[in-house]
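Here's the structure, in structure tokens; my notes come after.
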Amino acid sequence: MTNRITNKTWIALIAIAIAQPQKLRSAELGDRVDQAIARGIEAILSKTVENDVIQYHDRNPQGPLLTVTGNVTRVLEGSLKFETTDGRKLTIPRRLIKAWSRAGYVKSELPEAAFGGPTALAALALLSAGADPTQGQMKRIIDALSYDEAREAGTYVRSLRASVWSLMLDRKLSAASRRRYARLLAQDVNWLLRAMGPNGAFDYGQGFAGGDNSNTQFANLGLWAGSIGNIEIANRQWQLLGDWWMKSQHPGGGWSYRQKGRPTPSMTVAGCNSLYILLDRYYARADRPYEYFKGVVPNKSLRKSMERVYRAIEDGNRFLELNPPDVRQTYGYELFGLERLGLASGRSHIGGVEWFKRYAGEVADRKWSGEVISDSFALIFLVHGAAPVLFQKLEHDQDANEWNYYHRDLYTLCRYMSSTFERLYRWQRIPPNATLENLEDAPFLLISGHAALTLSDTMRSRIREYVDRGGTVFLHADRRGKPFIQSATRIFESIFADLDLRFRELDPTHPLYSCHFGTDEQGWKRPIPLRALADGPRLRVILCPVDIAGAWHQDRRQHEELFQIMANIRVYCAPPHNELPRVLRREPAPLSPAPPRGSFSIKRWSFAGDWTAHRGVWSRRADSLRLRTGLTISADETSEILDAANLASVEVVHLAVRSQVTLHEHDIAALRAFAESGGMILIESADGQPDGNAAVRKLVDSLPIGEKGILKPEHALATGQFDGGRPLTELSPTPEGAALRREGAPPPIITRTINGRLAVAACPFDLSAGLDQSFIWRRVGYTPESTERIVDNILLYCADRRRSERRP
């Protein structure tokens with residue numbers, strides 16, 4: 001071993017123990033993690049050197065030794081351009097420099113072959129946390145690593161730097177910057193390729209000495225970073241990597257630091273991680289190359305070999321169940337490995353433990369010591385673990401080749417999403433008996449396959465509730481499997497039979513095709529056919545009858561439009577990043593139940609046309625309405641013909657409008673009689689789209705009921721001056737509803753009054769989607785919290801008026 005000092009130093013620093021923190025209550029854990037991330041960024045940045053300090057000889061190597069402090073402004077071949085802190089500009093010949101403490105490096109840098117490693121790890125952590133590499137201290141760090149000429153840098157340093165350059169290339173860069181980071185990435189990756197031992201293992205890089213699994217896992221990470229950065233790595237080298245890990249696994253499923261040592265949890269995590277890199281960069285492309293819309297034809301012999309790799313990973317997972325990581329011994333190192341394994345595998349549980357929730361509290365409550373290596377490992381764990389899960393894949397079949405034929409599809413797709421939107425996203429796999437709570441961990445549920453799809457009645461029921469609560473199902477026909485297309489169509493149309501929804505092919509003019517990519521200027525290289533169960537503007541279920549996931553699986557970026565269409569689906573069907581479900585969910589503050597205020601009856605009006613928008617919303621939200629208002633809601637949303645007899649016990653008639661409404665004479669007569677008898681007619685533009693907003697205004701104009709007006713600030717409905725009411729001011733509109741913001745005034749509800757009594761409340765904006773907490777692209781309306789306040793006031797106002805009219 002040529003670098004024993006470096007070896008011991010790395011092990012000592014990586015194994016720094018952190019004081020055991022107090023356990024966190026789950027209700028506050030999400031906020032604590034966010035706060036800890038901010039503290040971690042601050043702690044790491046505080047340990048970076050702000051100024052260059054150079055000691056150099058004046059005029060010649062025997063001249064006086066001078067020390068200057070400032071910043072290197074330009075690095076030339078034979079000299080440095082330097083500006084001192086007091087404004088002097090110098091040119092310093094490089095041959096006269098005795099020592100150079102560089103700005104941007106961390107203060108606790110390591111010597112010799114490990115020099116630059118802590119700084120590269122810090123850069124990796126800060127970039128993962130969203131730090132801007134063009135500003136302040138972060139720019140100094142990137143510049144310092146970019147200009148590093150330490151040729152003696154070893155495996156750890158080269159691997160970490162390669163990861164930094166790969167992350168930089170994932171950003172929007174100028175052509176010059178892209179060439180610069182691509183060159184730096186190639187330099188470090190090529191060094192790693194030369195340093196690989198004949199058996200596929202790595203050592204510290206100063207003369208191969210048999211290899212160890214710690215250096216090897218970091219080297220594998222560097223090679224993976226190079227591969228996704230378009231550095232070509234031969235199949236033979238991936239095969240060597242796989243052979244090393246498969247042969248060095250112990251019979252019990254674990255791996256050790258050296259082949260003949262005792263298996264440990266940290267090295268077992270390293271082994272599983274490295275095998276996932278093999279699956280990602282070798283086995284995913286070992287099948288036939290992806291054919292556009294047709295998919296990937298399997299290489300059957302290599303798929304059998306791949307099954308052995310997955311068995312090795314499962315054996316490793318069982319070893320971790322029996323030998324769980326002790327993160328207090330090698331805290332940062334093992335957290336880094338667990339985070340990587342969780343993201344690579346899509347597993348929420350590793351070794352039988354929910355890896356992020358198990359350790360997030362301890363890390364969030366740690367004391368940020370300013371020791372860069374452990375702080376960086378901890379920050380990376382928190383940042384990646386707390387990232388929202390965007391897609392989940394359902395394990396709907398015992399045969400993994402059926403539900404998981406494209407085993408790297410979501411991993412690569414989420415990496416693309418993270419790069420495109422410059423926000424971190426994760427993916428997960430969920431079991432066939434997943435609970436509703438499991439399903440709600442992500443806004444999208446992917447169900448893929450080739451053969452006929454089967455789903456239990458229980459899972460069908462849970463999926464229906466998941467979609468009703470705002471989730472979206474994406475069905476993908478692997479290799480255009482007709483049995484899957486036909487069975488999935490039949491199953492999901494039956495799930496939503498009560499809404500009479502049928503799969504329809506989306507028109508090329510549908511906004512999904514232009515909401516992010518595919519604008520008029522850009523267009524699509526080739527139309528991508530999609531079918532959907534559409535409920536107005538909302539796409540409850542999307543079916544892709546052609547194969548596009550094979551392109552994600554093999555990371556075929558030459559077909560970028562097949563990635564871009566998923567970015568559009570993400571934008572159209574799910575809320576912004578900060579509103580997505582969190583792994584550590586914020587538990588809403590428990591409501592103090594309102595005092596009981598009796599029963600309340602609501603009837604939906606079934607007019608000719610699309611009257612079913614968000615049907616069932618009153619029943620779905622009945623419990624929360626009862627807690628907030630004290631009213632026990634009884635809702636009838638059937639399509640029976642209404643008349644005075646069956647409206648006698650109804651307080652509110654609800655019309656959810658999406659487009660122009662034509663009311664027949666008997667409709668108008670029944671509504672007028674209902675209003676004149678004391679009832680309230682509530683009209684809204686369900687989903688808040690332009691057609692619906694205009695239709696509400698036209699409809700309220702056509703009703704021959706009372707006197708038309710606009711809700712006045714002093715009206716009781718606006719002031720909330722009734723039992724349980726709240727003022728309808730300071731409401732928060734959606735981005736598309738910005739025009740609804742009226743300082744100090746209530747929402748622009750159009751009214752019709754009979755003898756001063758409010759008989760019609762017409763909202764040319766959405767209520768149903770906001771009340772249902774469903775995301776609708778470009779919805780004109782208010783946030784769910786503000787929508788609830790409007791709806792609560794309308795119901796409580798009607799209930800209060802009913803009570804007052806019954807008094808002697």
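Looking only at the range 383-418, filter to residues that are polar (S, T, N, Q) and open to solvent by 30 Å² or more (accessible area, probe 1.4 Å); which one of those is nearest to residue 132 (Cα to Cα)?
The residue in question is 401.
Among the residues in the range 692-699, are any on the phi < 0 side of the Ramachandran plot, in a loop (DSSP other than H, G, I, E, B), surrounded by 21 or more Cβ atoms within 10 Å (Cβ to Cβ) and over 39 Å from the mean Cα position of the chain (by Cα)? Don't jump to the end; show me each part of the working.
Of all residues in the range 692-699, those on the phi < 0 side of the Ramachandran plot come to 692-699.
Imposing the further condition that a residue be in a loop (DSSP other than H, G, I, E, B) reduces the set to none.
No, that holds for no residue.
Taking the stated definitions as given, is residue 158 among the basic types (Lys, Arg) and touching a Phe, Trp or Tyr at 6+ places or on another chain (Cβ under 7 Å)? Step through it out loud before you land on a result.
Values: among the basic types (Lys, Arg): yes; touching a Phe, Trp or Tyr at 6+ places or on another chain (Cβ under 7 Å): yes.
For residue 158, the condition - among the basic types (Lys, Arg) and touching a Phe, Trp or Tyr at 6+ places or on another chain (Cβ under 7 Å) - is met.
Within the range 475-484, how many residues turn out to be touching a residue at least 24 places away in the same chain (Cβ under 8 Å) and open to solvent by 20 Å² or more (accessible area, probe 1.4 Å)?
Step one: filter the range 475-484 for residues touching a residue at least 24 places away in the same chain (Cβ under 8 Å), giving 475-481, 483-484.
Okay, now just the ones that are also open to solvent by 20 Å² or more (accessible area, probe 1.4 Å), so 479-480, 483.
Number of matching residues: 3.
Looking at residue 553, is it touching a helix residue (DSSP H, G or I) at 6+ places or on another chain (Cβ under 7 Å) and open to solvent by less than 20 Å² (accessible area, probe 1.4 Å)?
Details: touching a helix residue (DSSP H, G or I) at 6+ places or on another chain (Cβ under 7 Å): yes; open to solvent by less than 20 Å² (accessible area, probe 1.4 Å): yes.
Spelling it out, residue 553 is indeed touching a helix residue (DSSP H, G or I) at 6+ places or on another chain (Cβ under 7 Å) and open to solvent by less than 20 Å² (accessible area, probe 1.4 Å).
Among the residues of the range 430-468, which ones are within 18 Å of the chain's Cα centre (by Cα) and open to solvent by 10 Å² or more (accessible area, probe 1.4 Å)?
Once the filter is applied, which keeps residues that are within 18 Å of the chain's Cα centre (by Cα) and open to solvent by 10 Å² or more (accessible area, probe 1.4 Å), the range 430-468 yields 437, 438, 440, 441, 443.
Could you please tell me which pairs satisfy a Cβ distance under 7 Å, a separation of 6+ or placement on different chains, a first residue in the range 459-474 that is farther than 16 Å from residue 535 by Cα and among the aliphatic types (A, V, I, L, M), and a second residue that is part of a helix (DSSP H, G or I) and open to solvent by less than 10 Å² (accessible area, probe 1.4 Å)?
Filtered contacts from the range 459-474: no entries.
Which one of these does residue 354 not meet: (1) within 30 Å of residue 114 (Cβ to Cβ); (2) without any contact (Cβ under 8 Å) to a residue 24 or more places away in the chain?
Only one criterion in (1) within 30 Å of residue 114 (Cβ to Cβ); (2) without any contact (Cβ under 8 Å) to a residue 24 or more places away in the chain is unmet by residue 354, namely (1).
List, please: which pairs have Cβ atoms under 6 Å, are six or more places apart or on different chains, and start with a residue in the range 28-46 that is under 23 Å from residue 581 (Cα atoms) and end with one that is at pLDDT below 90 and not hydrophobic (A, V, I, L, M, F, W, C)?
30/582; 30/586
Among 372, 296, 353, 327, which is the only one that is hydrophobic (A, V, I, L, M, F, W, C) and at pLDDT 95 or above? Talk me through it step by step, then tell me what you get.
Working: 372 fails: at pLDDT 95 or above; 353 fails: at pLDDT 95 or above; 327 fails: at pLDDT 95 or above.
From the options 372, 296, 353, 327, the qualifying one is 296.
Has the range 276-291 got any residue that is surrounded by 20 or more Cβ atoms within 10 Å (Cβ to Cβ) and farther than 23 Å from residue 411 by Cα?
Checked against the condition, which is being surrounded by 20 or more Cβ atoms within 10 Å (Cβ to Cβ) and farther than 23 Å from residue 411 by Cα, the range 276-291 yields no hits at all.
Can you report the number of residues in the range 469-506 which are in a loop (DSSP other than H, G, I, E, B) and more than 28 Å from the chain's Cα centre (by Cα)? Break it down into steps so the answer makes sense when it comes.
Narrowing the range 469-506 to residues in a loop (DSSP other than H, G, I, E, B): 469-471, 481, 496, 500-503, 506.
Then drop every residue that is not more than 28 Å from the chain's Cα centre (by Cα), which leaves 481, 500-502.
Going through the range 469-506 one residue at a time, the tally reaches 4.
Is it the case that residue 313 is in contact with a Ser or Thr (Cβ under 9 Å, 6 or more places away or on another chain) and crowded, with 19+ Cβ neighbours inside 10 Å?
Numbers: in contact with a Ser or Thr (Cβ under 9 Å, 6 or more places away or on another chain): yes; crowded, with 19+ Cβ neighbours inside 10 Å: yes.
In short, yes.
Which numbered condition in (1) open to solvent by 40 Å² or more (accessible area, probe 1.4 Å); (2) assigned to a strand (DSSP E or B) is the only one that residue 77 fails?
Going through the list (1) open to solvent by 40 Å² or more (accessible area, probe 1.4 Å); (2) assigned to a strand (DSSP E or B), residue 77 breaks only (2).
What are the residues in the range 725-737 that are at pLDDT below 95 and of a type outside the set (Val, Ile, Thr), if any? So that I can check it myself, show each step before the final result.
So the first thing to find is which residues in the range 725-737 are at pLDDT below 95, and the list is 729-730.
Result: 730, single match.
Take residue 763 and decide whether it is more than 39 Å from the chain's Cα centre (by Cα) and open to solvent by less than 60 Å² (accessible area, probe 1.4 Å).
Details: more than 39 Å from the chain's Cα centre (by Cα): no; open to solvent by less than 60 Å² (accessible area, probe 1.4 Å): yes.
In short, no.
Scan the range 766-787 for residues that are open to solvent by 30 Å² or more (accessible area, probe 1.4 Å), modelled with pLDDT of 95 or more and of a type in the set (S, T, N, Q) and report the count.
The number of residues fulfilling the criteria is 1.
Residues in the range 106-128 that are over 21 Å from residue 219 (Cα atoms) and open to solvent by 10 Å² or more (accessible area, probe 1.4 Å): how many? Full working, then the answer.
At the first step, the residues of the range 106-128 found to be over 21 Å from residue 219 (Cα atoms) are 106-108.
Narrowing the set further to residues that are open to solvent by 10 Å² or more (accessible area, probe 1.4 Å) leaves 107-108.
Qualifying residue count, the range 106-128: 2.
Do we have any residue at all in the range 422-441 that's touching a Leu at 6+ places or on another chain (Cβ under 9 Å) and more than 24 Å from residue 488 (Cα to Cα)?
Taking the range 422-441 first, the residues touching a Leu at 6+ places or on another chain (Cβ under 9 Å) are 425-432, 434, 439.
Narrowing further to those that are more than 24 Å from residue 488 (Cα to Cα): 425-426.
Checked against the condition, which is being touching a Leu at 6+ places or on another chain (Cβ under 9 Å) and more than 24 Å from residue 488 (Cα to Cα), the range 422-441 yields at least one hit.
So, in the range 556-583, exactly how many residues are aliphatic (A, V, I, L, M), open to solvent by less than 20 Å² (accessible area, probe 1.4 Å) and either part of a helix (DSSP H, G or I) or at pLDDT below 95 (or both)? Outline the logic, then answer.
Residues of the range 556-583 that are aliphatic (A, V, I, L, M), as a first pass: 562, 565-567, 569, 571, 574, 580, 583.
Cutting the leftovers down to open to solvent by less than 20 Å² (accessible area, probe 1.4 Å) gives us 562, 565-567, 569, 574, 580.
When the remaining residues are screened for being either part of a helix (DSSP H, G or I) or at pLDDT below 95 (or both), the result is 562, 565-567, 569, 580.
Number satisfying all stated conditions: 6.
Any chance the range 660-682 includes a residue that's in a helix (DSSP H, G or I), of a type in the set (Val, Ile, Thr) and either touching a Lys or Arg at 6+ places or on another chain (Cβ under 9 Å) or modelled with pLDDT of 90 or more (or both)?
Yes, the range 660-682 has at least one match.
Kindly evaluate residue 262 against the criterion of being in a loop (DSSP other than H, G, I, E, B), in contact with a Gly (Cβ under 9 Å, 6 or more places away or on another chain), without any contact (Cβ under 8 Å) to a residue 12 or more places away in the chain and farther than 20 Å from residue 355 by Cα. Please lay out each step first, then the result.
On the way: in a loop (DSSP other than H, G, I, E, B): yes; in contact with a Gly (Cβ under 9 Å, 6 or more places away or on another chain): yes; without any contact (Cβ under 8 Å) to a residue 12 or more places away in the chain: yes; farther than 20 Å from residue 355 by Cα: yes.
Spelling it out, residue 262 is indeed in a loop (DSSP other than H, G, I, E, B), in contact with a Gly (Cβ under 9 Å, 6 or more places away or on another chain), without any contact (Cβ under 8 Å) to a residue 12 or more places away in the chain and farther than 20 Å from residue 355 by Cα.
How many residues are within 30 Å of residue 373 (Cα to Cα), in a strand (DSSP E or B) and β-branched (Val, Ile, Thr) if we restrict to the range 85-117? Can you show your working first?
Here is the first cut: in the range 85-117, the residues within 30 Å of residue 373 (Cα to Cα) are 85, 97-117.
With in a strand (DSSP E or B) added as a condition, the list becomes 97-101, 106.
Next, from what is left, pick out any that are β-branched (Val, Ile, Thr): 97, 106.
Summing the residues that are within 30 Å of residue 373 (Cα to Cα), in a strand (DSSP E or B) and β-branched (Val, Ile, Thr) in the range 85-117 gives 2.
In the range 598-613, which residue that is in a strand (DSSP E or B) and not basic (Lys, Arg) is surrounded by the fewest Cβ atoms within 10 Å (Cβ to Cβ)?
Checked the range 598-613; the qualifying residue surrounded by the fewest Cβ atoms within 10 Å (Cβ to Cβ) is 599.
State whether one or more residues within the range 322-335 are within 28 Å of residue 383 (Cβ to Cβ) and without any contact (Cβ under 8 Å) to a residue 12 or more places away in the chain.
Initial filter on the range 322-335 (within 28 Å of residue 383 (Cβ to Cβ)): 323-335.
Now restrict to residues that are without any contact (Cβ under 8 Å) to a residue 12 or more places away in the chain: none.
So far as the range 322-335 goes, no, none of its residues is within 28 Å of residue 383 (Cβ to Cβ) and without any contact (Cβ under 8 Å) to a residue 12 or more places away in the chain.
Please verify whether residue 618 is at pLDDT below 95 and crowded, with 18+ Cβ neighbours inside 10 Å, treating the condition exactly as stated.
no
Quick one: which residue in 379, 343, 335 is of a type outside the set (Gly, Ala, Ser) and either in contact with a strand residue (DSSP E or B) (Cβ under 8 Å, 6 or more places away or on another chain) or surrounded by fewer than 19 Cβ atoms within 10 Å (Cβ to Cβ) (or both)? Give the steps one after another, and end with the answer.
Working: 379 fails: either in contact with a strand residue (DSSP E or B) (Cβ under 8 Å, 6 or more places away or on another chain) or surrounded by fewer than 19 Cβ atoms within 10 Å (Cβ to Cβ) (or both); 335 fails: either in contact with a strand residue (DSSP E or B) (Cβ under 8 Å, 6 or more places away or on another chain) or surrounded by fewer than 19 Cβ atoms within 10 Å (Cβ to Cβ) (or both).
Unique residue meeting the criteria: 343.
Which members of the range 675-691 meet the condition of being more than 41 Å from the chain's Cα centre (by Cα) and open to solvent by less than 10 Å² (accessible area, probe 1.4 Å)? Please lay out each step first, then the result.
Here is the first cut: in the range 675-691, the residues more than 41 Å from the chain's Cα centre (by Cα) are 675-680.
Those that are more than 41 Å from the chain's Cα centre (by Cα) and open to solvent by less than 10 Å² (accessible area, probe 1.4 Å): 675, 679, 680.
Among the listed residues 738, 718, identify the single one that is open to solvent by 50 Å² or more (accessible area, probe 1.4 Å) and within 27 Å of residue 780 (Cβ to Cβ).
Details: 718 fails: open to solvent by 50 Å² or more (accessible area, probe 1.4 Å).
Of the residues listed, the single one that is open to solvent by 50 Å² or more (accessible area, probe 1.4 Å) and within 27 Å of residue 780 (Cβ to Cβ) is 738.
Restricting attention to the range 129-185, which residues are of a type in the set (A, V, I, L, M), in a helix (DSSP H, G or I) and surrounded by fewer than 17 Cβ atoms within 10 Å (Cβ to Cβ)? Lay out the reasoning, then the answer.
So the first thing to find is which residues in the range 129-185 are of a type in the set (A, V, I, L, M), and the list is 129, 131, 138, 141-142, 144-145, 150, 153, 157, 160, 162, 164, 167-169, 173, 175-176, 182, 184-185.
Pick out the ones that are also in a helix (DSSP H, G or I) and you get 138, 141-142, 144-145, 157, 160, 162, 164, 167-169, 175-176, 182, 184-185.
Once the filter is applied, which keeps residues that are of a type in the set (A, V, I, L, M), in a helix (DSSP H, G or I) and surrounded by fewer than 17 Cβ atoms within 10 Å (Cβ to Cβ), the range 129-185 yields 175, 176.
Within the range 634-655, how many residues turn out to be in contact with a Lys or Arg (Cβ under 7 Å, 6 or more places away or on another chain) and outside any loop (DSSP other than H, G, I, E, B)?
4
The values are calculated or read from the model by the stated rules, or taken from the named source; none is laboratory data. Here the structure is a predicted model, which is why all the values come from computation and not from measurement. Cβ coordinates were reconstructed from backbone atoms using ideal geometry, including for glycine residues, and neighbour counts include every protein chain displayed. Keep in mind that these areas ignore ligands, DNA and RNA; they rest on the heavy atoms of the full protein, side chains included. Shrake-Rupley method; radii C 1.70, N 1.55, O 1.52, S 1.80 Å.
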